[in-house]
Amino acid sequence: MPDELLSRLRRFNTDYFPQYQAQFKDLVEQGQHPTTLFIGCSDSRLVPYMLTGAGPGELFLVRNVGAFVPPYDGSAGHHGTAAAIEYAVLALEVQHIVVCGHSHCGGIRALYGEVPNEATNLKAWLDLGREATLPVQLSDEALRRTEERSVVLQLERLMDYPMVRARVEQGRIALHGWHYVIEAGEVHVFDVNKGAFVPASSSEHSGTGPYRAAEPGALFNEIDDAWAPRR
Ligand SMILES: [Zn+2]
């Protein structure tokens, strides 16, 4: 059986690396200074570098099923995502944190369905999106809203990280909630003031607008009201 992965590894070294060699050398000598922490779903159709036009050294990436943010207090156990957030903020001093969900998200759909009993970790992990679900008949629209609501929920949970909250309030970190619509090739940006997701083509910003420092849960509840399920 041909080893496709091995061929690709060799191609990287011969065809791709030479164009970027100087850049990588620089990134090794100067160290990495990414300006953005990108928390995205693991979905293979979400390609952060393509979406943002970023190159090597620009994005500090953490990906997981659903693009969820675990609670700061550690009540959900050990989490690589929580560690990455703390490292990106305290050590790398990123200026942007993106939470990027997407259309047709299997993680979000799983919130409405059965998860195999054997998948104990997945089951527990999905709890981090549970609050975004709607008490409605499952439909494409309900899924879309749940995907968007989940992004907002994760932003709220990010604000529970003291090092994040302090920097957001000081204007040193901007939070960006994105919903990537795969079939349209467009990211919809969460606009705090509008309480809605706006297509990037008509949005005034990428989510760098002020994140209203509300009481815990308040923002999510407002959006909840605005998007009350149509019955
Ligand atoms: Zn997904």
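Looking across region 1-44 at every residue that is assigned to a helix (DSSP H, G or I) and acidic (Asp, Glu), the one that is surrounded by the most Cβ atoms within 10 Å (Cβ to Cβ) is identified as ASP26. Suppose the filter is within 19 Å of CYS41 (Cα to Cα) and touching a Phe, Trp or Tyr at 6+ places or on another chain (Cβ under 6 Å); does GLY185 pass it? So GLY185 does not fit the description; no. Just one of the numbered conditions (1) away from the ligand (no atom under 15 Å from the Cβ); (2) surrounded by fewer than 20 Cβ atoms within 10 Å (Cβ to Cβ); (3) of a type in the set (Val, Ile, Thr) is not true of VAL94; which one? For VAL94, the failing item is (2). Cβ-Cβ contacts under 7 Å between residues 6 or more apart (or on different chains), taken from a first residue in region 84-100 that is under 14 Å from ARG167 (Cβ atoms) to a second residue that is part of a loop (DSSP other than H, G, I, E, B) and at pLDDT 95 or above, are listed as ILE85/TYR161; ALA88/VAL94; LEU92/PRO34; VAL94/PRO34; VAL94/THR35; GLN95/THR35; HIS96/THR35.
The rows are residues; the columns are (1) within 16 Å of the ligand (Cβ to nearest atom); (2) of a type in the set (S, T, N, Q); (3) within 22 Å of PHE190 (Cβ to Cβ).
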site: ARG109; (1), (2), (3): yes, no, yes
site: GLU114; (1), (2), (3): no, no, no
site: GLU118; (1), (2), (3): no, no, no
site: PRO135; (1), (2), (3): no, no, no
site: LEU138; (1), (2), (3): no, no, no
site: GLU141; (1), (2), (3): no, no, yes
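Would you confirm, using the coordinates I've provided, whether GLY101 is within 16 Å of the ligand (Cβ to nearest atom), in contact with a Pro (Cβ under 7 Å, 6 or more places away or on another chain), closer than 30 Å to LEU138 by Cα and in a strand (DSSP E or B)?
So GLY101 fails the test.
Of the residues making up region 64-79, not a single one is outside any loop (DSSP other than H, G, I, E, B) and either more than 12 Å from the chain's Cα centre (by Cα) or among the basic types (Lys, Arg) (or both).
Restricting ARG145, ARG130 to residues that are among the basic types (Lys, Arg) and touching a residue at least 60 places away in the same chain (Cβ under 8 Å) narrows the list to ARG145. Can you tell me which residues in region 172-231 are at pLDDT below 85, in contact with a Gly (Cβ under 6 Å, 6 or more places away or on another chain) and within 15 Å of GLU147 (Cα to Cα)? Within region 172-231, just ILE223 meets the criteria. Can you name the residue in region 144-198 that is small (Gly, Ala, Ser) and part of a strand (DSSP E or B) and is also surrounded by the fewest Cβ atoms within 10 Å (Cβ to Cβ) among such residues? Once the filter is applied, the top-ranked residue is ALA196.
The values are calculated or read from the model by the stated rules, or taken from the named source; none is laboratory data. Remember, predicted model here, so these are calculated numbers, not experimental data. Cβ: placed from backbone, ideal geometry, glycine included. Neighbour counts: every protein chain shown.
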